[in-house]
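Please read the structure below before turning to the comments.
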Amino acid sequence: MKLKGEKRESSDRDEGSKGKMTLLLALVALISAFGSSFQYGYNVSVINSPAPYMQDFYNRTYFNRTGVPMDSSFQTLLWSLTVSMYPLGGLFGSLMVWPMVNNCGRKGTLLINNLFSITAAILMGTSEIAKTFEVIILSRVIMGIYAGLASNVVPMFLGEISPKNLRGAMGIVPQLFITIGILVAQIFGLSSILGNVEGWPLLLGLTGIPSLIQLLILPFFPESPRYLLLQKGNEEQARQALQRLRGWDDVDDEIEEMRQEDRSEKEEGHFTVLSLCTFRGLRWQLISIIVMMMGQQLSGVNAVFYYADRIFQSAGVDANNVQYVTVSIGAINVVMTLLAVFIVESLGRRVLLLAGFGLCCVSCAVLTLALNLQTTVSWLSYLSIVCVIVYIIGHAIGASPIPFVLITEMFLQSSRPAAFMVGGSVHWICNFTVGLVFLYMEAGLGPYSFLIFCAICLATIVYIFIIVPETKNKTFMEINRIMAKRNKVEIHGDKEQLKDFHTVPGGQTEKKEFASTEL
């Protein structure tokens, strides 16, 4: 009788090792993504609709102070600062990832980060009453810092708490909420809702509400078990957190897998960005995330959104209705990202990356053709609309969400914070660069700008095809072994990887000891 019970328990555990979506795990994902990632998306597009009213407020405030109207070049400068301070703040936020997640934990960093958002929301919401436009620009920097931290810490946190067979889907949840944030900002920004002369301060101030909700609810959820065990050395707390997240008591297999990772990393200590960049054993992982992040931002996603209004107008959409078209593009973005959540575990990361960048590449090429010839061939303006939609679909299923998933998967615990810091910095620098350069590019090249984006997508596809491995349903250690071969570092047990870099006294015995624990 006892044997049968044991057998049943072990088969439950085999099912369990696959990992199921428990209510607690789903709630942690929703609260983390809604409280953090949502606002990254919201603040990307929130100032697009009320721009004329905000610029009028800048002008009016300046006139009331000085008695002379604002010079148009100075107004352009102030507005450029309002827009570009957000990605610049994002870069500062990314640079804070490594020290904060190592010292405060993943959950702790998200909680502290909410203070940035709430402060900025109060400042932006009261800026009109206070008659000061400077605080809006300052708040955009603060919101940028918030978004820089959130865009890196949420995927890291969710990747670490997920079972391996759900890690891809959970890794896309932050991107899903970014697209929902963009869509909600577009809907609230409609002139009939808050995108008007009275409503814009409230539109900017609403961003504090998700932060407040997260600040009140997230403390009741567990911290990342990997952080508790591997960085804090507290096995008891890690075990309790894992039991709550998995919904069963027997978590020995996962604890053992974490211990393996810990043993494999003991000699390395925690990576700083500098040591990560010079460490041969992680060379291809680092190059891969830099290439994917550059590909993600330099593939022209901002340019496509920028051009979308014009493309729809040339196809005969009334100027007053273009705002509704923009909302519909935002909705397509959300739906396709939601689709990616469900297909990433069956199709894998590589397929989605290659298909996503492939669709972007083709649509950029066809869009160049269509935009150049639409004056002579009338139906080509409709082809432009199709290209925009195909491009958005490609970016939503692969180029936007998957790079963040892969940063979590390609690095072990000791190097992951530094890797997110590098990946996040590249993300925001490229975002800032595109915002700065695109207007000049568009003025000089016109529709031919999209050929540059097409070439960038193609280069990224070639790199991914040759270098990036499939990581679905693999443990962090298994992925590490695959990449070790790519880095020309031989590993038989986990320890051998480090033999290339460290001479350990009594190495032979240690080698045997680790080989035996691995087998």
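Read phi for every residue in the stretch 407-416 and hand back ³J(HN,Hα) as whole Hz from Karplus 6.51 cos²θ - 1.76 cosθ + 1.60, θ = phi - 60°, with x for Gly and Pro.
Values, residue by residue: 4, 4, 7, 7, 10, 8, 4, 6, 9, 4 Hz.
Ratio to report: Rg/Rh of the stretch 385-445, with Cα atoms as the point set and Rh obtained by the Kirkwood method; give two decimals.
Working: Rg = 15.4 Å, Rh = 13.9 Å.
Using only Cα positions, Rg/Rh for the stretch 385-445 is 1.11.
If you stretched the chain out fully between Phe92 and Leu347, how much longer would it get, using 0.36 nm times the residue separation minus the C-alpha to C-alpha distance?
On the way: separation 255, 0.36 × 255 = 91.80 nm, distance 3.51 nm.
Once the chain is fully extended between Phe92 and Leu347, it gains 88.3 nm.
Quick one: 3J(HN,Hα) in Hz for the stretch 453-464, Karplus 6.51/-1.76/1.60 with θ = phi - 60°, rounded, Gly and Pro as x.
5, 4, 5, 5, 4, 5, 4, 5, 4, 4, 4, 4
Could you go through the stretch 106-111 in sequence order and give the Karplus-derived ³J(HN,Hα) for each residue, using 6.51 cos²θ - 1.76 cosθ + 1.60 with θ = phi - 60°, rounded to whole Hz, and x for Gly and Pro?
Running phi through 6.51 cos²θ - 1.76 cosθ + 1.60 with θ = phi - 60° gives 6, 5, x, 5, 4, 5 Hz.
Mind checking the full-extension length gain between Leu190 and Ala319? Use 0.36 nm per residue of separation minus the Cα-Cα distance, one decimal, nm.
Numbers: separation 129, 0.36 × 129 = 46.44 nm, distance 1.34 nm.
Full extension from Leu190 to Ala319 adds 45.1 nm.
So if each residue of separation counts as 0.36 nm, and I subtract the Cα-Cα distance between Val462 and Leu212, what length gain in nm does that give?
Between Val462 and Leu212, full extension yields 85.6 nm more.
Note down the net charge around Tyr324, summing +1 for each Lys or Arg and -1 for each Asp or Glu among other residues with Cβ under 12 Å from its Cβ. Write out the running numbers ahead of the final one.
Working: positive: none; negative: Asp309, Asp318.
So the surrounding residues net to -2.
Ordering Thr368, Thr66 from largest to smallest accessible area (1.4 angstrom probe), what's the sequence?
On the way: Thr368 5, Thr66 75 Å².
Sorted by accessible area, descending: Thr66, Thr368.
So what's the back-of-envelope 222 nm ellipticity for the chain, counting only DSSP H runs of four-plus at -39500 (n - 2.57) apiece and dividing by all residues, rounded to 500?
Details: 26 runs with 386 residues, N = 519.
One gets -24500 deg cm²/dmol as the mean residue ellipticity at 222 nm.
If ligands, DNA and RNA are left out, what is the accessible area of Tyr53 with a 1.4 Å probe, given in Å² to the nearest 10?
Using a 1.4 Å probe on the heavy atoms, I get roughly 80 Å².
Provide Asp262, Asp309 ordered by accessible surface of protein heavy atoms (probe 1.4 Å), highest first. The partial results should precede the final answer.
Details: Asp262 40, Asp309 65 Å².
Sorted by accessible area, descending: Asp309, Asp262.
Taking the Cα centre of the stretch 272-489 as origin and charging only Cβ (+1 Lys, Arg; -1 Asp, Glu), how large is the dipole, in debye to the nearest 20?
Values: 12 positive and 7 negative charges, 206 e Å.
Roughly 1000 debye, rounded to the nearest 20.
Please calculate how many Å² of accessible area the chain carries per residue, with a 1.4 Å probe and no DNA, RNA or ligand atoms counted.
Numbers: 21490 Å² over 519 residues.
Normalised by residue count, the accessible surface of the chain is 41 Å².
Let me cross-check Arg259: its accessible surface, 1.4 Å probe, with only protein heavy atoms counted, in Å² to the nearest 10?
For Arg259, the solvent-accessible surface is approximately 80 Å².
Which percent of the accessible area of the stretch 22-221 is formed by carbon and sulfur heavy atoms (probe 1.4 angstrom)? Let's see the in-between values first.
Values: 5160 of 6940 Å².
Looking at the stretch 22-221 in its full context, I get 74 percent from C and S.
At Phe63 and Arg280, where each label point lies 7 Å from the Cα along Cα→Cβ, what is the point-to-point distance in nanometres?
6.8
Can you tell me the relative contact order of the chain? Whole percent, Cα pairs under 8 Å, sequence separation 6 or more.
Details: 781 pairs, mean separation 109.5, N = 519.
It comes to 21 percent, rounded to a whole number.
Can you quote the Å³ per residue value for the convex hull of the Cα atoms in the stretch 272-489, rounded to an integer?
Working: hull volume 26.1 nm³, N = 218.
Normalising the Cα hull of the stretch 272-489 by residue number yields 120 Å³.
Exceeding 20 Å between C-alpha atoms, which entries from my cross-link table qualify? They are Lys107/Lys232; Lys232/Lys485; Lys107/Lys472; Lys232/Lys488.
Working: Lys107/Lys232 14 Å; Lys232/Lys485 30 Å; Lys107/Lys472 25 Å; Lys232/Lys488 32 Å.
Table pairs above 20 Å Cα-Cα are Lys232/Lys485; Lys107/Lys472; Lys232/Lys488.
Arg263 accessible area, nearest 10 Å², 1.4 Å probe?
50
Measuring from the lowest to the highest alpha carbon on each principal axis, how far does the chain reach, largest first, in angstroms?
Answer, in whole Å and largest first: 80, 51, 51 Å.
The values are calculated or read from the model by the stated rules, or taken from the named source; none is laboratory data. Bear in mind the structure is a predicted one, so any value in this text is a computation, not a measurement. Cβ coordinates were reconstructed from backbone atoms using ideal geometry, including for glycine residues, and neighbour counts include every protein chain displayed. Protein only, heavy atoms only, side chains kept; ligands, DNA and RNA dropped before computing areas. Shrake-Rupley method; radii C 1.70, N 1.55, O 1.52, S 1.80 Å.
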